[in-house]
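Structure record follows, encoded as structure tokens.
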Amino acid sequence: MAESILTVEHLYKSFGTKVVFEDLSFGINVGQKVALIGRNGEGKSTLLNMLFDEKERDNGLITFNSNAFASYLPQKTWKEEKHSIQEELMLSYDKQESEETFLARVKEIMSIFKVEDILRPLNILSGGEQKKVALAKVLLKHSNFYVLDEPTNHLDMQMIEWLENFLKAKNTTLLVVTHDRDFIDKVCTDIYELSKTTIEKYHGNFEYFLTKKAEKVQQQQTSIEKARNLYYKELDWINRMPQARGTKSKKRIENFETIKEQAFQKTEKEQEEFSVIEKRIGKKILEINSISKTFGDKQLIKDFSYNFKRGDKIAIMGSNGCGKTTLLNIIMGKEKQDSGNIIVGQSIDFAYYMQQGLLESEDKKVIDVIKDVAENILIDDNGKTGSISASEFLVKFGFPKQMQFAPYSLLSGGEKRRLYLLKTLIQNPNFLILDEPTNDLDIYSLLTLENFLKSYKGCLLLVSHDKRFVENIVEHYFIFEKDGQIKDCYIPYSEYLQQKKKQEKSLKTQNNSEGAVAYKEQKQQSKNQNKLSFKEKRQKEELEKEIPSLEQEKAFLTEKLSQGFLSAEELQKTSKRIEEIISSIEEKEMQWLLLSEKED
């Protein structure tokens, strides 16, 4: 029988009259890696907070296994403290290892996350940097249960890949809120869907979840149709019969009310179709002519040109801080390029979704946020132009009427992002610019957005680190390479990364080849020199002892690594040591060869 690491029983939580959880129960076993998904506002982040803060619970019991050591990454991580990044990360140090080793791990993970100068104070960091520090703080702990709320936000694809490998360690348990389908498929064993105060469990990948979900919706629809047929039959009987006096008739009337409830229950909807009427687009769209941009001594963009065509759907890719948002801001006139120029066609109507989110008054009503753009929204209904009211539009996309008159401040982080996205899209733009639109969106809103962008006929310029989302939508990529060079690439980004790795490997081989030529030259020189000195003989003898010893250590660690029983920390440490050994063996073998040739 599987060992439980977390048990949640009869959990109840409400905010005023809104019941978030009612008699919620579920469990997670040791070794499970669970993706918790659900619509924005269903309470995913609230649930994770309640696991670690008893004050958040109204009622219910939460029990961790006595052997569980859980580390928690909340969604909101901002801190005003003035102490340094290093001091913050030292809070994860538990003296199970030497401080020197711990600081080496700190250096490694912050290098991977591209957070430089760990002596900087926390309060001057950007939100993205603070999120990375908070994630690093969690991962540095010697935990066997990680609870993470949207850990991939603010990470680029290479960082996400590293995190995936880190979390795949066999002896860790995971509960993660994420909308990243690739992450779910690579890391998670199970999907728990939080819906209507209950949890539905699915053992498998995201495609399996979608298949089973569709089957469930179909079964519900079939059941409702049967109940409706029976309802109309019973309704006809009630209308024809006089007021029932017999026991059987009374029982039939009571059953009629149950049938009525079943017949008109609401079912879960498939993904909403969402199309807007784009404004006409002329021949001239957007010309970028030899623009360059430098910040300090860092060249972000160097002599970049591109002439947009109708229907262009392009993703901008690159590591964090390379200049992706800067390029968008230059296009939108929010920043000035150092050289070059940009020409915008007269018919172009931009809509720009920015990373920092929607800046609205906290007491503003939700419906007024949309009405600021339009009282009625033009939509494309199966090829026909139509319109719906702002209120109807909000209902269609998960904002019921009672929520529409609530202040903006009461929305969850994900609901605020979804509202901002809707406000951007209903402007009917013919050139859409989206900077990280998937951050904090629920997985259903993500699928709706993906479907919208697939059918969108205007131009699209997109920044996102969600690989599957990007590759399902765009046709080509602007890829930031070294020193501000931007490459226009027409193959999938994942394939580009594979090619880049092959090129780097080939370059390494070439360098080794050049090293071999140098070795031959050195060998020829050594032949013309004297035989080995006493010191050189001793050096050769030491190498003959050291190389087999290193080979033996390498074989032992490689076998240990392949068994899959190492902790995440041990996995990283062992892998790093193997790399060091390989490098050392190569160096010592070269030294031995040189000495051997000289001896001949």
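The values are calculated or read from the model by the stated rules, or taken from the named source; none is laboratory data. In this text the structure is predicted, and so the values were computed from the model without any measurement. Note that we place each Cβ from the backbone using ideal geometry, even for glycine, and neighbour counts take in every protein chain shown. Only protein heavy atoms, including side chains, enter the accessible area calculation; ligands, DNA and RNA are left aside. Shrake-Rupley method; radii C 1.70, N 1.55, O 1.52, S 1.80 Å.
Kindly provide the set of residues from segment 156-169 that are outside any helix (DSSP H, G or I) and under 15 Å from Val470 (Cα atoms), ordered by number. Working first, answer last.
Initially, segment 156-169 is screened for residues outside any helix (DSSP H, G or I), giving 156, 168-169.
The answer is Asp156, and nothing else.
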Practice task
Tell me, please, whether a residue that is closer than 22 Å to Phe183 by Cβ, β-branched (Val, Ile, Thr) and more than 24 Å from the chain's Cα centre (by Cα) can be found in segment 65-82.
Solution key: no
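Within segment 68-77, track down each residue that is modelled with pLDDT of 90 or more and either surrounded by fewer than 16 Cβ atoms within 10 Å (Cβ to Cβ) or aliphatic (A, V, I, L, M) (or both). It would help to see each step written out before you state the result.
Start the filter on segment 68-77 by keeping residues that are modelled with pLDDT of 90 or more, which leaves 68-74.
Matches in segment 68-77: Ala68, Phe69, Ala70, Leu73.
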Problem - Count of residues meeting criterion [free of Cβ contacts under 8 Å to residues at least 40 places away in the same chain and either assigned to a strand (DSSP E or B) or not acidic (Asp, Glu) (or both)] in segment 285-302 - result: 3
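So, in segment 428-452, of the ones that are polar (S, T, N, Q) and over 18 Å from Arg181 (Cβ atoms), which residue ends up most open to solvent (accessible area, probe 1.4 Å)? Let's see the steps before the verdict.
Initially, segment 428-452 is screened for residues polar (S, T, N, Q), giving 428, 430, 438-439, 445, 448, 451.
Those still in the list that are over 18 Å from Arg181 (Cβ atoms) too: 428, 430.
Values: Asn428: 22, Asn430: 1 Å².
For segment 428-452, the residue satisfying everything is Asn428.
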Completion exercise
(1) open to solvent by less than 30 Å² (accessible area, probe 1.4 Å); (2) under 26 Å from the mean Cα position of the chain (by Cα); (3) not hydroxyl-bearing (Ser, Thr, Tyr) all hold for Ile367 apart from (2)
Handout entry: Single residue of Leu419, Leu425, Leu411, Leu394 found to be buried (at least 16 other Cβ atoms within 10 Å of the Cβ), within 18 Å of Cys459 (Cβ to Cβ) and either hydrophobic (A, V, I, L, M, F, W, C) or within 26 Å of the chain's Cα centre (by Cα) (or both)
Key = Leu425
Fill in the blank from the handout: With the first residue restricted to segment 57-68 and required to be in contact (Cβ under 8 Å) with a residue 12 or more places away in the chain, and the second required to be among the acidic types (Asp, Glu), Cβ contacts under 6 Å at 6 or more apart or on different chains are Leu61/Glu9
Problem - All positions within segment 102-152 that are under 16 Å from the mean Cα position of the chain (by Cα), within 21 Å of Ala169 (Cα to Cα), part of a helix (DSSP H, G or I) and not aliphatic (A, V, I, L, M) - result: Lys132
Practice task
For segment 1-59, enumerate the residues that are aromatic (Phe, Trp, Tyr), over 30 Å from Tyr420 (Cα atoms) and open to solvent by less than 50 Å² (accessible area, probe 1.4 Å).
Solution key: Phe26
Exercise for the section: Within segment 202-215, identify whether any single residue is open to solvent by less than 10 Å² (accessible area, probe 1.4 Å), touching a Phe, Trp or Tyr at 6+ places or on another chain (Cβ under 7 Å) and in a strand (DSSP E or B), and answer yes or no. Expected result: no
Handout entry: Residue list for segment 302-328, filter: closer than 19 Å to Tyr496 by Cβ and of a type in the set (A, V, I, L, M, F, W, C)
Key = Phe304, Ile314, Ala315, Ile316, Met317, Cys322, Leu327
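Please go through segment 521-541 and pick out each residue that is part of a helix (DSSP H, G or I), modelled with pLDDT of 60 or more and either surrounded by fewer than 13 Cβ atoms within 10 Å (Cβ to Cβ) or among the hydroxyl-bearing types (Ser, Thr, Tyr) (or both). Even if it seems obvious, please write down each step before you answer.
Our first condition is that a residue be part of a helix (DSSP H, G or I); within segment 521-541, this holds for 521-527, 534-541.
Now restrict to residues that are modelled with pLDDT of 60 or more: 521, 534-541.
If the condition is that a residue be part of a helix (DSSP H, G or I), modelled with pLDDT of 60 or more and either surrounded by fewer than 13 Cβ atoms within 10 Å (Cβ to Cβ) or among the hydroxyl-bearing types (Ser, Thr, Tyr) (or both), then Glu521, Phe534, Lys535, Arg538, Glu541 are the ones that fit.
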Handout entry: Which listed residue is within 27 Å of Lys168 (Cβ to Cβ), aromatic (Phe, Trp, Tyr) and in contact with a Leu (Cβ under 8 Å, 6 or more places away or on another chain), from Phe69, Phe64, Phe52
Key = Phe64
Problem - 1 or more residues within 22 Å of Glu362 (Cβ to Cβ), aromatic (Phe, Trp, Tyr) and in contact (Cβ under 8 Å) with a residue 60 or more places away in the chain: qualifying helices (runs of 4 or more DSSP H) within segment 378-463 - result: 413-425
Exercise for the section: Just need a number here: residues in segment 263-290 that are closer than 30 Å to Ser195 by Cβ and either open to solvent by 90 Å² or more (accessible area, probe 1.4 Å) or at pLDDT 80 or above (or both). Expected result: 5
Fill in the blank from the handout: Of (1) closer than 16 Å to Phe397 by Cα; (2) surrounded by 20 or more Cβ atoms within 10 Å (Cβ to Cβ), Leu462 fails just (1)
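Report yes if Ile85 is in contact with a strand residue (DSSP E or B) (Cβ under 9 Å, 6 or more places away or on another chain), farther than 30 Å from Glu129 by Cα and either hydroxyl-bearing (Ser, Thr, Tyr) or modelled with pLDDT of 90 or more (or both), otherwise no. Break it down stepwise before answering.
Working: in contact with a strand residue (DSSP E or B) (Cβ under 9 Å, 6 or more places away or on another chain): yes; farther than 30 Å from Glu129 by Cα: no; either hydroxyl-bearing (Ser, Thr, Tyr) or modelled with pLDDT of 90 or more (or both): yes.
No.
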